[in-house]
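The values are calculated or read from the model by the stated rules, or taken from the named source; none is laboratory data. Worth saying up front: this structure is predicted, and the values here are computed from it rather than measured. Every residue, glycine among them, receives a Cβ derived from its backbone with ideal geometry; neighbour counts consider all protein chains shown. Remember, those area values only see protein heavy atoms, side chains included, never the ligands or the DNA or RNA. Shrake-Rupley method; radii C 1.70, N 1.55, O 1.52, S 1.80 Å.
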Amino acid sequence: MKVKVEVRGLQLPGARPGAAVEAAYEYADFDLPEQELFLPGHGLCASCTIGVIARHMLKVLGPDTIVVNPTGCAEVSTVTYPRTNWAVPWIHVAFGNGGSVASGIEAAIKVLKRRGVIDPNRKINVVVFAGDGGTADIGFQALSGMLERRHRVIYVMYDNEGYMNTGIQRSGTTPLFASATTSPAGKKIPGNLTHKKPMALIAAAHGIPYSATANPAYLPDMLEKFRKAAEIDGPSFIHVLQSCQPGWRFEPKYAIKVLELATETGYWVNYEIEDGKFRITVTVPRRKPVECFLKLQGRFKHLGKEEIAFLQKVIDEDVKRLNEMAGGEFIGPLDPEAKC
Amino acid sequence: MRIESVWIGRGGQGIVTAVYIVAHASIADGFYAIANPEFGAERRGAPVKAFLTITDYFEDSPEPIKNPDVAVFLDDKLIDTMRVVVEAVKPGGYVIVSSGKGPEEVAGIIGRKDVNIAVVDGIGLALKHVGLAVPNGPMVGVFAKVMGLPRLESIKEAIASQLGKAVEQNFAAAVEAYKTAVVIPAAEAGSAKISVEIPTTSAFLTGDYELVGWDQIPEGGLVYPGSSLRYKTGSWRVEKPIIDHSKCIMCRRCWLFCPDDAVLEVWREAKGPGGRVVRVKAIDFSYDYCKGCGICAQVCPTGAIQMVREL
Ligand SMILES: Cc1ncc(C[n+]2csc(CCOP(=O)(O)OP(=O)(O)O)c2C)c(N)n1
Ligand code: SF4
Ligand code: SF4
Ligand code: SF4
Ligand SMILES: [Mg+2]
């Protein structure tokens, strides 16, 4: 299938505004919608998995989706005047107010439906696509208010574990001992000293109908979570882990591999909380040592045996707690012999 | 004296360090220098430019340079996309290029007879001395050769203060570039006036876009779907994926995990049983947009995709 893309409002040499430009490639057909709504020609780093998350998010949510994008890598790299690669309505908002703007949009749609301006049966998704800084730190109160008021908004937090757009500063979701420019590893202090905020649990504590964690390396699980979130009549929150080459310092080709290892080591557990019921959605029979996850990444290069053992202990405890919440051993025991 | 230069490279090639090295070395030699790198929102691999002005009198004007005396390219693939920079160089000025191609071929790509051209294999020298494909050291050396400043000793000091590591290796790369760069002198005088100027927009436009005045911008700064398709990010690539169809089992993992929508499923004609030509589905790549990250090759369960060097 050839896609015709209409380019309006742009002054293109040789083409008047309104002229259609034919993209020079064919799309595939799949069980997933063939239509790409997150087009190529964006400025994200080579290997940036924001691209993987956004592509599949829009495949599930479809063209009737309004994206609210607080500033951060995703926003800055995809919409640089005069171009955009989002093929859905998209709005730029400030660093901290994604939740508020999405609330307003959702309320406006409600009113327009009531007045008959928009077909009341038309399902329109409002999704916030925000970074960890824009969610767990500065955007926290806007998010909390949005959840409290029960707006029907899907809030997707892509978590690259730092303020990547502005040069890899630490955030509230930077893991323990990761080196960032504001928490550098030195002789005395081994990088960041705080623990990662469990944002999906914090969101769930607002009593919202759906909250989940997801990992793009486990695509079917992530897609299913987007689908559920879209069906719910109320606020939903999805915390998605996202690998970042310059920030985490791995070889670009390992962008998916490093995410797989995050789950295989129990560093990242995929779970959901639906109407208060906690469930682990991706089981791991035997866990690989956390070192497998760490050693691909330059941000953990400074760690010695002692710190790695400490991190392993933290993960063991986290896994134990999550298993208890789920009522079973869904994430299995550590296999110290496991090959990375 | 006043030398205005524009440096063009890609995020990750060390262009910022390069202009800082030349600036510090020039100051050590008793000149004044202003170095201001300028990058847009794009990331690693995307084009970056930096301005560097060297004077022998004090001046405090960090203005963007519109018509440079010198243009330095750290990557010959950028000459075409950044042609406006080549066109804006003053007649009698210099275009310095890092390229593995022959000097005559590079001169052909530049296509101007009224400028001096200097060519060196910056990546080759960087790999030889430093072990990294970062051509900034060699380009500093070539700049010093064609402009006659700063002095090599000052460059060494500046490498130490700006890089702080691998000083000997980087200096050796700069010195070899200084010695071996091929200079092709301008054959013509050229017209005294040039009409092209480097645009002052901070966005570094690499696609087939034309900027319009503020009064022609759609209300609210609207941009329209599909406008990114004219930004061919394939030029960022150092390696490209190629596929061995005989190994592909059409599992589509490559398609699923490509962040740039650059893996395509297309129809391909193949010889079927009895020599009949049949149409089969096959994986292909959109080289217009593929950034060469290597994810597809890494996630392929059968090893059907290989990354091959392109530069
Ligand atoms: C109020 C405010 N403070 C600071 C900034 C500068 N700023 C822009 S993006 C950003 C970091 C974004 O981090 P995150 O939300 O994690 O997104 P990422 O860039 O990592 O994708 C900062 C600090 C801003 N735009 N607004
Ligand atoms: S810095 Fe990280 S998050 Fe930002 S575009 Fe690059 S890979 Fe993506
Ligand atoms: S190398 Fe990267 S950008 Fe290119 S096709 Fe493969 S996954 Fe996509
Ligand atoms: S991942 Fe490999 S085997 Fe699977 S479709 Fe792509 S090229 Fe073919
Ligand atoms: Mg972030």
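Descriptive notes on the structure:
- Residues whose amide H lies under 5 Å from that of A:Phe250, counting only those 5 or more places away or on a different chain, are A:Gly298; hydrogens are built 1.01 Å from N in the peptide plane.
- With the simple model of a label 7 Å out from the Cα in the direction of the Cβ, A:Gln35 to B:Asn67 spans 5.1 nm.
- Between the listed residues A:Phe237, A:Gly332, A:Leu303, the Cα displaced farthest toward the positive end of the dipole of the stretch A:230-340, a dipole computed from Cβ unit charges relative to the Cα centre, is found at A:Leu303.
- Partnerless cysteines, meaning none of the other Cys C-beta atoms lie under 4.7 Å away, in chain B: B:Cys248, B:Cys251, B:Cys258, B:Cys290, B:Cys293, B:Cys300
- Modelled label positions at B:Leu222 and A:His195, each set 7 Å beyond Cα in the direction of Cβ, lie 4.9 nm from each other.
- Taking all pairs of distinct alpha-carbon atoms in chain A, Kirkwood radius in angstrom: 21.0 Å
- For B:Val97, the amide hydrogen comes within under 5 Å of the amide hydrogens of B:Phe73, B:Ala118, B:Val119, B:Val120, counting only partners 5 or more places away or on other chains and with H modelled in the peptide plane.
- Along chain B, counting only trypsin sites (Lys or Arg not before Pro) with a DSSP assignment other than H, G, I, E or B and at most 11 other Cβ atoms inside a 10 Å radius, the longest segment between sites is B:1-164.
- Per-residue HN-Hα couplings for the stretch A:34-40 [Karplus 6.51, -1.76, 1.60; θ = phi - 60°; Hz; x = Gly/Pro]: 6, 5, 8, 10, 10, 7, x
- For chain B, size of Cβ-based charge dipole, Lys and Arg +1, Asp and Glu -1, in debye: 1420 debye
- Solvent-accessible area assigned to carbon and sulfur over the stretch B:1-144 amounts to 54 percent, based on a 1.4 Å probe.
- Cα-based helix-to-principal-axis angle, B:152-162 vs chain B, degrees rounded to 10: 60 degrees
- For A:Leu303, net neighbour charge (Lys/Arg +1, Asp/Glu -1) across residues whose Cβ lies under 12 Å away: +1
- With all protein chains in place and ligands, DNA and RNA left out, the 1.4 Å accessible area ranks A:Asp159, A:Asp221, B:Asp208, A:Asp275 as A:Asp275, B:Asp208, A:Asp221, A:Asp159, largest first.
- Of the three principal axes defined by the Cα atoms of the stretch B:1-133, the extents in descending order read 39, 34, 31 Å.
- In a simple Cβ point-charge model (Lys, Arg +1; Asp, Glu -1; nothing else charged), the stretch B:146-197 has a dipole of about 40 debye relative to its Cα centre.
- Residues in the stretch B:43-144 average 34 Å² of solvent-accessible surface per residue, probe 1.4 Å, ligands and nucleic acids excluded.
- Chain A packed on chain B takes about 4800 Å² of accessible surface away from a 1.4 Å probe, both sides summed.
- Counting Lys and Arg as +1 and Asp and Glu as -1 over every other residue whose Cβ lies under 9 Å from the Cβ of B:Ala28, the net charge comes to -2.
- A:Leu334 long-range amide H proximity, modeled H, under 5 Å: A:Arg287
- Net charge dipole, the stretch B:233-309: roughly 280 debye, given to the nearest 20, about the Cα centre with Cβ charges of +1 for Lys and Arg and -1 for Asp and Glu.
- To put it simply, the accessible area of the stretch A:50-326 at a 1.4 Å probe is 56 percent carbon and sulfur.
- Two-site FRET efficiency, B:Ile194 against B:Lys165, from Cβ-Cβ distance with R₀ of 41 Å, rounded to 0.05: 0.50
- Karplus-derived HN-Hα couplings along the stretch A:117-133 (A = 6.51, B = -1.76, C = 1.60, θ = phi - 60°), whole Hz, x at Gly and Pro: 6, 10, 3, x, 8, 6, 8, 10, 8, 10, 10, 8, 10, 10, x, 5, x
- DSSP-loop trypsin sites (Lys or Arg not before Pro) across the stretch A:155-252, with at most 11 other Cβ within 10 angstrom: A:Lys187, A:Lys188
- Separation between Cα centres of the stretch A:107-173 and the stretch A:222-258, rounded to whole Å: 15 Å
- Computed across the protein assembly as shown, the Kirkwood hydrodynamic radius from all distinct Cα-Cα pairs reaches 26.8 Å.
- Relative counts (whole %) of C-alpha pair distances in the stretch B:139-189, using bins that are 5 Å wide: 5, 21, 28, 20, 11, 6, 4, 3, 1
- Calculated FRET efficiency, B:Asp208 to B:Val182, Cβ-Cβ distance, R0 = 41 Å: about 0.80 to the nearest 0.05.
- When each of B:Lys49/B:Lys156; A:Lys196/A:Lys295; A:Lys188/A:Lys313; A:Lys301/B:Lys247; A:Lys257/A:Lys277; A:Lys123/B:Lys291 is checked by Cα-Cα distance, pairs over 28 Å: A:Lys301/B:Lys247; A:Lys257/A:Lys277; A:Lys123/B:Lys291
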